[in-house]
Structures are given as structure tokens and as C-alpha cells.
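Novice: Input: one structure, supplied below.
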Amino acid sequence: METIHLILGITVLAANLGAGLWGAGAWYLRRPSVGFWYLLRFAQAAVILQVAVGAVLLLLGSVAADLHYVYGVLPLLITLLAEGARSIANEHELEGLDFESLPRSRQRAVAAAIVRRETGIMAVSALVIFGLALRAAALQL
């Protein structure tokens with residue numbers, strides 16, 4: 001079980017670093033990227049599995065530094081907060097607009113702004129999760 005936890009830890013690190021950098025690049029270049037979202041969702045799933053396996057190890061009596069648990073659970077909370085922020089960003093962009101009555105070009109511009117804002121939020125969250133997971137791993141060395 002500890003080997004699985006280690007493999008998932010490496011997966012969390014790699015997937016979140018990859019998603020964070022990919023998303024930052026897409027945000028900077030103002031180019032939507034479907035692949036970024038697939039990698040981000042994979043990274044989020046890895047975080048959930050990592051926390052679940054860590055909880056099982058804790059229940060089985062495995063001991064780690066106290067801060068390891070904090071840095072291990074924070075990525076899950078960051079994921080949830082980022083999803084909430086992403087939802088609020090959509091509402092902010094659409095506030096006061098009757099989207100259906102807008103000209104097609106304006107609809108596209110609003111949609112592009114929403115995607116860019118969401119990408120930025122989620123890229124930052126992936127990079128924060130990478131940092132937290134790196135810290136959690138360092139505490140185990």
C-alpha cells in the first residue's frame with residue numbers, strides 16, 4: 001500500500017506540474033486547449049486517490065510527520081476551492097448580459113474570456129497543488 005501511495009504521489013506531482021504549465025501557456029497565449037482540461041481532470045483524480053490511499057494508510061497505523069498530513073490534504077481543498085472560483089468566474093463574465101441576444105461575434109468573445117479566465121484559475125490551482133505535494137513529499141524524506 002505504501003508503494004501505491006508513493007506512485008500516486010509521483011503521479012500527483014507530475015500531472016499537476018504538467019497541467020499547471022500547460023494551462024499557464026494556454027492562458028498566456030490566449031489559446032483554448034482541450035488537452036489541458038483532460039490532464040487537469042487526471043491530476044485532480046490523482047489527488048483524490050492519493051488522499052484516499054493516505055487515509056487508508058493512516059487507518060492501518062502508518063505514521064508520518066504531522067505536516068505531511070496537512071500538505072497531503074490541502075491539495076484536495078485547493079481543488080474544491082478552485083472549482084468554486086471557476087464557477088464564480090463564469091457568473092462574473094456573464095453578469096448583466098443577455099447572452100442569447102448578443103451578436104455571434106460578441107458571444108464568441110465572451111466565451112473566449114470565460115475559457116481564458118477558467119484556464120488561468122485552474123492552472124494556478126494545479127501549480128499550487130504541485131507545490132503542496134512537493135512539500136508533502138519532502139517531509140517524508
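The values are calculated or read from the model by the stated rules, or taken from the named source; none is laboratory data. In this text the structure is predicted, and so the values were computed from the model without any measurement. Using ideal geometry, Cβ is built from the backbone for each residue, glycine included, and neighbour counts are taken over all protein chains shown.
Novice: From 59, 97, 80, 67, which residue is at negative phi, in contact (Cβ under 8 Å) with a residue 60 or more places away in the chain and exposed (fewer than 13 other Cβ atoms within 10 Å of the Cβ)?
Specialist: Being at negative phi, in contact (Cβ under 8 Å) with a residue 60 or more places away in the chain and exposed (fewer than 13 other Cβ atoms within 10 Å of the Cβ) holds for just one of 59, 97, 80, 67, which is 67.
Novice: Still on this structure: Can you confirm whether residue 14 is out of contact with any strand residue (DSSP E or B) (no Cβ under 6 Å at 6 or more places or on another chain), surrounded by fewer than 17 Cβ atoms within 10 Å (Cβ to Cβ) and modelled with pLDDT of 95 or more?
Specialist: yes
Novice: Do any residues in segment 20-46 that are on the phi > 0 side of the Ramachandran plot and buried (at least 16 other Cβ atoms within 10 Å of the Cβ) have Cβ atoms under 8 Å from those of residues that are modelled with pLDDT under 95 and not hydrophobic (A, V, I, L, M, F, W, C), where the two are at least six apart or on different chains, and which pairs are they?
Specialist: none
Novice: Of the residues 106, 135, only one is surrounded by fewer than 16 Cβ atoms within 10 Å (Cβ to Cβ), part of a helix (DSSP H, G or I) and in contact (Cβ under 8 Å) with a residue 60 or more places away in the chain; which?
Specialist: Matching residue, one of 106, 135: 135.
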